[in-house]
Amino acid sequence: METKEILKKVRKIEIKTRRLSDHIFSGEYHTSFKGRGMTFSEVRQYQYGDDVRAIDWNVTARYNEPYVKVFEEERELTMMLMVDCSGSESFGSVNQFKSEIITEIAATLAFSSTQNNDKVGLILFSDEIELFIPPKKGKSHVLRIIRELIEFKPRSKKTDLAQALKFLSSVMKKKAIVFLISDFMVKDYEHTLKIASKKHDLTGIRIYDKREQSIPNLGMVNMLDAETGQTFLVDTSSKQVRQNYETYYKDNVKYFTDMFSKCGAGTVSARVDESYVTKLLGYFKARN
């Protein structure tokens, strides 16, 4: 993709997602995700109804009248976007690929973060860590993240969520707001999810296409595995084949919802042909 075309795509995504973050998400994001704690702001004279435990006894003794300590929420946060860039994200049967929706969601969240003067970083992963952009502030930094989401070409097409979560825990020593965006068509990440969710405020955003939920009866069909590159001849007229696939799909979805719930992490599921805006807003409001 040429530089001019990339910049045009970045600008298009910026206009759409920044409008969403400015007018819809920034307030919800602010109230949904709290700061790291309360930090000392000032002292003032005691007023009726103040908590006596907040009295600053040193200042009170100095001025011979009661003063209290005032604390305020430490607002500055760090957001980390973890984005699955494996082969399965290039699937899409209606209007857009999963990868395009993922880019829009990540950009919207990133702009919501900058509205609150928070840092934002990016981890692109397959079955290895493809790219790590450390958290920083500012619009130019967010535009770099969007550019990477659009043009980055991963080395691998496979997926390993456990490896990605392990990397997160190794590079993010302080608590962060983490959005893990994937189709979650893998298992065996419970252990690293449990470790990461204890340290961070973690949300899994599952992006899926309705055509992935079941296989239609189309007779003998050549199917490509986007993550291995292998082609298989599949007899879709077989009821057993269709049932096996549907069971496989439902098992992965159940594993995702069960594991995130068990670890105290949030979940959002958005279909590519539905409004992710509605899904994210509903999630943010439910947290308040």
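The values are calculated or read from the model by the stated rules, or taken from the named source; none is laboratory data. Model, not experiment: these values are computed from the prediction. Glycine gets a Cβ as well: all are built from the backbone with ideal geometry, and neighbour counts include every protein chain shown. Each accessible area value is taken on the protein alone, full model and side chains, heavy atoms only, with ligands, DNA and RNA left out. Shrake-Rupley method; radii C 1.70, N 1.55, O 1.52, S 1.80 Å.
Details
- Among the candidates LYS285, LYS250, LYS254, residue that is in a helix (DSSP H, G or I) and surrounded by 12 or more Cβ atoms within 10 Å (Cβ to Cβ): LYS250
- Looking only at segment 79-113, and only at residues there that are polar (S, T, N, Q) and either closer than 21 Å to LEU168 by Cβ or touching a Leu at 6+ places or on another chain (Cβ under 9 Å) (or both), the one that is modelled with the lowest pLDDT: SER88
- Residue in segment 128-137 that is in contact with a helix residue (DSSP H, G or I) (Cβ under 9 Å, 6 or more places away or on another chain), assigned to a loop (DSSP other than H, G, I, E, B) and free of Cβ contacts under 8 Å to residues at least 24 places away in the same chain present: yes
- Among residues of segment 9-22 that are under 16 Å from GLU148 (Cα atoms) and among the β-branched types (Val, Ile, Thr), none has a beta-carbon under 9 Å from a residue that is outside any helix (DSSP H, G or I) and modelled with pLDDT under 75 at least six positions away or on a different chain.
Quick grid of which residues meet (1) among the basic types (Lys, Arg); (2) modelled with pLDDT of 75 or more:
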residue	(1), (2)
LYS4	yes, no
HIS30	no, no
TYR48	no, yes
ALA54	no, yes
ASN64	no, yes
LEU77	no, yes
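- Counting only residues that are open to solvent by 60 Å² or more (accessible area, probe 1.4 Å), part of a helix (DSSP H, G or I) and touching a residue at least 24 places away in the same chain (Cβ under 8 Å), segment 259-271 holds 1 of them.
- Check on GLU274, among the acidic types (Asp, Glu), outside any helix (DSSP H, G or I), surrounded by 13 or more Cβ atoms within 10 Å (Cβ to Cβ) and under 30 Å from the mean Cα position of the chain (by Cα): yes
- Reported count of residues in segment 118-142, each being open to solvent by 20 Å² or more (accessible area, probe 1.4 Å), over 26 Å from MET185 (Cβ atoms) and within 17 Å of the chain's Cα centre (by Cα), is 4.
- Single residue of ILE177, ILE181, ILE102 found to be more than 17 Å from PHE33 (Cβ to Cβ) and either in contact (Cβ under 8 Å) with a residue 40 or more places away in the chain or not polar (S, T, N, Q) (or both): ILE102
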